[in-house]
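Accompanying notes for the structure given below.
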Amino acid sequence: MTQVISRFAPSTTGEAHPGTLLSALLVWLDARARGGTTVLRLEDLDRTRVKEAWADQIVNALAWLGLTWDATLVQSGRTTAHEAALDRLATMGRLYPCSCSRSDRAGGRRAPDGGWAYENTCRGTPLPPGGWRAVTDAVRVQLDDDRIELVDENGVDLSQTPAREMGDPIVRRRDGVIAYQLAVVVDDADAAITDVVRGRDIAPSTATQVILQRLLGLPVPRYRHHFLLLEASGQGKLAKLHGSIPFSLVRARYRGDELCGVLAQAAGIIDSAGPCTPDSLIARFDWSRVPKVDRVARWTGDLAIG
Ligand code: GLU
């Protein structure tokens, strides 16, 4: 097997929380258990939502837990590569401006990610003479109508026809920000990522990313989507853990090795939660022990994962 190169790619759009740390631990153990290396990529492109203080806190929280990285990349430093990818797609005649708003799509067809599918309404609209740089609307990429057959390493079938089920993705937002779907494939390829391990919430985007990789002639990594920690989101509903258990709260209650034990137990790696380091878990790490269904996290003075 070729050398495993994996990455953890948190968006720096909020405080770290136990879900951030659980995901990082799983990415890191998966790579280290196979003798691989890990890259930390801080996803900070959404300048309307990111804060440097959150990036710093995420970096510190990961170190506090005992995770070290072979390299750290900051996504906002990758503009040249992102723009080069847009230039290539433009040369291929794939880019088009799109003036449709979210409300235009509302009430239409549901996409696999739970949002509204985009009906490729603006396909065929030419770029202005100045190219994609001169567009003041969003820029989308016209995908092939191919079906992507894809089963991830957890056995989850992610097959889709992204152009029809999701619609052509935005690659550059109306506010000029390079969109996630493009940045992620360009950055994974440039870092020679062989394995993408991430939360199940992103699984519906994977087929879109694979078809973009094909279009750009980039290699397709192995994918694995792990269970999430959830929180109550009102009206008896659950959502991906977000704001209810901030890192500041966790840090005031636990040492890093104690929280590592709590997370390792929640992930099925050890039978009872006791202080441990990520290093000490490498030899026993095995995906067959990791739950496949999401778990609910509550703060009761302790971190309770049900
Ligand atoms: N930045 C994304 C997030 O924090 C993850 C991107 C990825 O792993 O592909 O949800």
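The values are calculated or read from the model by the stated rules, or taken from the named source; none is laboratory data. Small disclaimer: the values here were computed from a predicted structure and weren't measured. Don't worry about glycine lacking a Cβ; one is built from the backbone with ideal geometry, like all the others, and counts go over all protein chains shown. Surface accessibility is based on the protein's heavy atoms, side chains included, excluding ligands, DNA and RNA. Shrake-Rupley method; radii C 1.70, N 1.55, O 1.52, S 1.80 Å.
Quick rundown of the values:
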read-out: Long-range neighbours under 7 Å by Cβ, at least six apart or interchain, first residue surrounded by 14 or more Cβ atoms within 10 Å (Cβ to Cβ) within the range 271-286, second outside any loop (DSSP other than H, G, I, E, B) and among the basic types (Lys, Arg); value: ILE282/ARG32
read-out: GLY236 over 22 Å from GLY36 (Cα atoms), away from the ligand (no atom under 16 Å from the Cβ), open to solvent by 10 Å² or more (accessible area, probe 1.4 Å) and of a type in the set (Gly, Ala, Ser); value: yes
read-out: Residue that is most open to solvent (accessible area, probe 1.4 Å) [pool: residues in the range 21-50 that are part of a loop (DSSP other than H, G, I, E, B) and more than 14 Å from the ligand (Cβ to nearest atom)]; value: ARG47
read-out: Number of positions in the range 52-73 that are small (Gly, Ala, Ser), in a helix (DSSP H, G or I) and open to solvent by less than 40 Å² (accessible area, probe 1.4 Å); value: 2
read-out: Any hit, the range 184-194, residues being touching a residue at least 60 places away in the same chain (Cβ under 8 Å), under 24 Å from ARG105 (Cβ atoms), part of a loop (DSSP other than H, G, I, E, B) and open to solvent by 40 Å² or more (accessible area, probe 1.4 Å); value: no
read-out: Residue count, the range 79-105 (criterion: closer than 22 Å to PHE8 by Cα, in contact with a helix residue (DSSP H, G or I) (Cβ under 6 Å, 6 or more places away or on another chain) and surrounded by fewer than 19 Cβ atoms within 10 Å (Cβ to Cβ)); value: 1
read-out: Filter result for the condition that a residue is crowded, with 21+ Cβ neighbours inside 10 Å and more than 13 Å from the ligand (Cβ to nearest atom), over PRO10, PRO18; value: PRO18
